[in-house]
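Down below is the structure, laid out as structure tokens.
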Amino acid sequence: MAAPAESTSETPTNKKQKKSKNTEETELQTVPDGWKEPKFSRVDNPKGLLEESSFATLFPKYREVYLKECWPLVQKALGDVFVNATLDLIEGSMTVHTTKKTFDPYAILRARDLIKLLARSVPFEQAVRILEDDMACDIVKIGTLVRNRERFVKRRQRLIGPKGSTLKALELLTSCYVMVQGNTVSALGPYSGLKEVRKVVLDTMKNIHPIYNIKTLMIKRELANDPELRTQSWERFLPNFRHKSLSKRKQPKKKTVKKEYTPFPPPQPESKIDKELATGEFFLRESEKRRQKMNEIKAKQAEALTKRQEQRQKDFIPPKEKPVVKKSKPGTANTTHTSH
């Protein structure tokens, strides 16, 4: 009996140890302010890459003129990280591939993102920022999220806002560059900002107005400045927007009530012979059947005739007159009384 008592006494201490471990982990996870990861240089990878890697992407016809103009700048920017770029105007494609001098293995992926952004109408001045270490990009496909084309155009316009004000507010709050083009939304910026941009874009396509998300982002931005609230939950400060319950759909006047499903087929309707068997007509002779039929017809005819005659006689029946009440003159009544 002594053994379980010892185990129960040890449990609170174990919980305390677990709690202290969790607090240590959270402290380790917090990145000190102003800290930056050291830049990847040739010293980190002096021998370079073993294999050549390449990526290609197609671009629409309307981007051809712009890409032709800015292509020397693209080659110069990628040349700094020793990545070659080729523009094929006949096929309508852009290709990037590593060289023997390339030392950064992630440079080719950044180059791939650069040509992707250029194909999605992002200007070169913004797209070239992807080559920086703390930058990332995200291309959100919105074309298939809404079936109705008119509804899709309205929601996409809602994301941009009047004179692009909604998009500008989103860019300022997330520190990202956002470009809405066709069936995609291209975003370029830090990872935390990209996460928020994707959420706002998808919510807007789900018919949730972007102003609600922008409001929460503004509150989060204010809360992030307070060092005391870093370790606390922010749920009590964030607004909880509820969907408005729409008015119920009008009910139809005539409701068709569905019959309960039964696996058995409906009963077969009775045939003429079945009906005759039930009444006993089937066993009568032909002459008797004929006579019975004639009697039925005659009875129907007589009924119809009486109805018709009644209808005709209606015109000759005089209306009921109201009984006329004779009014006696007041002067004559007085004279009779005096005479008596």
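The values are calculated or read from the model by the stated rules, or taken from the named source; none is laboratory data. Keep in mind that this is a model prediction, so the values were computed, not measured. Here the Cβ is made from the backbone with ideal geometry for all residues, glycine too, and neighbour counts use every protein chain on show. With ligands, DNA and RNA removed, areas are computed over all heavy atoms of the protein, side chains included. Shrake-Rupley method; radii C 1.70, N 1.55, O 1.52, S 1.80 Å.
Loop-resident trypsin sites (Lys or Arg not before Pro) (DSSP state other than H, G, I, E or B) in segment 43-125 with no more than 16 further Cβ atoms inside 10 Å of their Cβ: K47, K100, K101.
Eigen-decomposition of the gyration tensor built on the alpha-carbon atoms of the chain gives equivalent ellipsoid semi-axes of 88, 38, 34 angstrom, largest listed first. When the pairs K36/K68; K141/K255; K163/K220 are compared against a 31 Å limit on Cα-Cα distance, K36/K68; K141/K255 fall above it. Would you please state the base-10 log of I(q)/I(0) at q = 0.11, 0.15, 0.16 1/Å for segment 159-301, with intensities from the Debye formula using one equal scatterer on every alpha carbon? Debye intensities relative to I(0), on a log10 scale: -0.69, -0.89, -0.95. Report, in degrees rounded to the nearest 10, the 0 to 90 angle that the Cα long axis of helix 149-160 makes with the longest principal axis of the chain. Here the helix axis deviates by roughly 50 degrees. Relative to the longest principal axis of the Cα atoms of the chain, helix 107-119 runs at roughly 40 degrees. For the chain, the 222 nm mean residue ellipticity estimated from helices alone, with every DSSP H stretch of n ≥ 4 adding -39500 (n - 2.57) and the total spread over all residues, rounds to -15000 deg cm²/dmol.
Rg/Rh for segment 21-180 (Cα atoms only, Rh after Kirkwood) is 1.05.
Applied to segment 301-310, the Karplus parametrisation 6.51 cos²θ - 1.76 cosθ + 1.60 on θ = phi - 60° returns per-residue 3J(HN,Hα) values of 5, 4, 4, 5, 5, 4, 5, 4, 5, 4 Hz, with x for Gly and Pro.
Using a 1.4 angstrom probe on the protein heavy atoms only, line up K199, K258 by accessible area, largest first. Walk me through the intermediate numbers first.
Values: K199 100, K258 185 Å².
Of K199, K258, the descending order of accessible area is K258, K199.
Size estimate for segment 36-113 follows the Kirkwood approach: the inverse of mean 1/r over distinct Cα pairs works out to 13.5 Å.
Please list, by residue number, every one of the trypsin sites (Lys or Arg not before Pro) in segment 205-238 that is coil in DSSP and has at most 16 other beta-carbon atoms within 10 Å. Before the final figure, lay out the partial values.
Values: sites: K206, K215, K220, R221, R230, R236; in loops: K206, R236.
The qualifying sites are K206, R236.
For I208, the solvent-accessible surface with a 1.4 Å probe is about 50 Å², rounded to the nearest 10.
Each of E64, E310 has its accessible area taken with a 1.4 Å probe; listed largest first, they run E310, E64.
Using a 1.4 Å probe on the protein chains only, how many percent of the accessible area of segment 44-176 belongs to carbon and sulfur? Of all accessible area on segment 44-176, carbon and sulfur atoms account for 53 percent. Averaging the Cα positions of each part gives two centres, and for segment 84-114 and segment 163-230 these lie 30 Å apart. Per-residue Karplus couplings for segment 138-148, computed as 6.51 cos²θ - 1.76 cosθ + 1.60 with θ equal to phi - 60°, are listed in order as 8, 10, 9, 8, 10, x, 9, 7, 10, 6, 6 Hz, Gly and Pro entered as x.
With a 1.4 Å probe rolled over the protein heavy atoms of all chains, the accessible area of Y191, Y177 falls in the order Y191, Y177, largest first.
Angle of helix 2-29 to the longest C-alpha principal axis of the chain, folded into 0 to 90 degrees and rounded to 10: 70°.
Measuring with a 1.4 angstrom probe and ignoring ligands and nucleic acids, R156 comes out at about 50 Å² accessible. Computed with every protein chain present, the accessible area of D80 is close to 120 Å² [probe 1.4 Å].
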